[in-house]
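Data first, discussion second: the structure below is written as structure tokens.
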Amino acid sequence: MQLFRHSNRTRNAKTQRVYAAYELAYTLVDFAAAISFTIGSVLFLWDSMKAPAIWLFIIGSFCFLCKPSLRLMRELKLWRMGKVDQLAKRAGAE
């Protein structure tokens, strides 16, 4: 079984739930990054707000770092679930 295959996501109801939960987390992190950068950009209009603006850019950057991490974690989870399914089939076949 390979990573990042659509068939891993739709194998059964449990894998579909895992996929949906990770997609929700990914979307929330995406919104957090967008909001952080948008507010940070507006705050740069005032010199007195420069420090909070910089922190919002750092937070937004961290959110963007989390996005590929979430995708990889999701795919590894689905991959492990497939390995367990394969082992269960082999155990039942003997």
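What follows draws every value from the coordinates through simple rules; no lab data is involved. Bear in mind that the values here come from a model prediction, so they are computed numbers and not experimental data. Glycine gets a Cβ as well: all are built from the backbone with ideal geometry, and neighbour counts include every protein chain shown.
Quick one: which of Lys89, Lys77, Lys67 is out of contact with any Leu (no Cβ under 7 Å at 6 or more places or on another chain) and exposed (fewer than 11 other Cβ atoms within 10 Å of the Cβ)? Steps first, please.
Details: Lys77 fails: exposed (fewer than 11 other Cβ atoms within 10 Å of the Cβ); Lys67 fails: exposed (fewer than 11 other Cβ atoms within 10 Å of the Cβ).
Of the residues listed, the single one that is out of contact with any Leu (no Cβ under 7 Å at 6 or more places or on another chain) and exposed (fewer than 11 other Cβ atoms within 10 Å of the Cβ) is Lys89.
Condition first: under 19 Å from the mean Cα position of the chain (by Cα), crowded, with 16+ Cβ neighbours inside 10 Å and of a type in the set (Gly, Ala, Ser). Now tell me which residues in region 26-55 satisfy that.
The answer is Ala32, Ala33, Ser36.
Just give me the residues in region 32-48 being of a type in the set (A, V, I, L, M, F, W, C) and either farther than 13 Å from Leu70 by Cβ or assigned to a loop (DSSP other than H, G, I, E, B) (or both), in sequence order. Step through it out loud before you land on a result.
We begin by selecting, within region 32-48, every residue of a type in the set (A, V, I, L, M, F, W, C); these are 32-35, 37, 39, 42-46.
Residues satisfying the conditions are Ala34, Ile35, Phe37, Ile39, Val42, Leu43, Phe44, Leu45, Trp46.
Out of (1) charged (D, E, K, R); (2) assigned to a helix (DSSP H, G or I); (3) surrounded by 11 or more Cβ atoms within 10 Å (Cβ to Cβ), the odd one out for Arg17 is which?
Tallying (1) charged (D, E, K, R); (2) assigned to a helix (DSSP H, G or I); (3) surrounded by 11 or more Cβ atoms within 10 Å (Cβ to Cβ), Arg17 fails exactly one: (3).
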